[in-house]
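The values are calculated or read from the model by the stated rules, or taken from the named source; none is laboratory data. Everything numeric in this text was worked out from a predicted model, so none of it was measured. Quick reminder, even Gly has a Cβ in these numbers, built from the backbone with ideal geometry, and neighbours come from all protein chains shown.
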Amino acid sequence: MGFLVSYANDELGEFWELRQGKNVVGRKDAMEGLDIQIDHPTTSSKHALLLCAAGPGRVKFEDVGSTNGSFINGEKLNPGQKAEVKDGDEVRFGGFNTTLKVV
């Protein structure tokens, strides 16, 4: 489906695979059931959902009530708000920046 890519902790970059369906994003080792674990103190234990549909490569992003907020291209989402994200969009979990790559 795609990837989240970040250069925040590694100059060569690190990435997390996005699979079709629901992808749960949260702080590394904070809880079970996380599909994407981010090692950053401003990421909540359960921060956001990325809902992916293979046809036609659509991704919706939802903040699930995180402490430090979720942002798309610098615009803050309200808790529970869903917004479509596209290839190349900047997706931020608290203070941790990633870029969405849709394959």
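For the stretch 1-33, the candidate set comprises residues that are under 21 Å from Glu62 (Cβ atoms) and of a type in the set (S, T, N, Q); within that set, the residue that is surrounded by the fewest Cβ atoms within 10 Å (Cβ to Cβ) is Gln20.
Cβ-Cβ distances below 7 Å connect the following pairs, each with a first residue in the stretch 76-103 that is over 18 Å from Arg27 (Cβ atoms) and modelled with pLDDT under 95, a second residue that is part of a loop (DSSP other than H, G, I, E, B) and among the small types (Gly, Ala, Ser), and a separation of six or more residues or different chains: Val102/Gly57.
Each residue in the stretch 79-96 was checked for being part of a strand (DSSP E or B) and more than 9 Å from the chain's Cα centre (by Cα), and 6 of them qualify. For the stretch 63-78, the candidate set comprises residues that are within 11 Å of the chain's Cα centre (by Cα) and closer than 19 Å to Asn9 by Cβ; within that set, the residue that is surrounded by the most Cβ atoms within 10 Å (Cβ to Cβ) is Ser70.
Looking across the stretch 80-103, the residues that are closer than 16 Å to Thr42 by Cα and either of a type in the set (A, V, I, L, M, F, W, C) or surrounded by fewer than 18 Cβ atoms within 10 Å (Cβ to Cβ) (or both) come down to Val91, Phe93, Gly95, Phe96, Asn97.
Once the stretch 36-60 is narrowed to residues that are polar (S, T, N, Q) and surrounded by fewer than 17 Cβ atoms within 10 Å (Cβ to Cβ), the residue that is farthest from Val91 (Cα to Cα) is Ser45.
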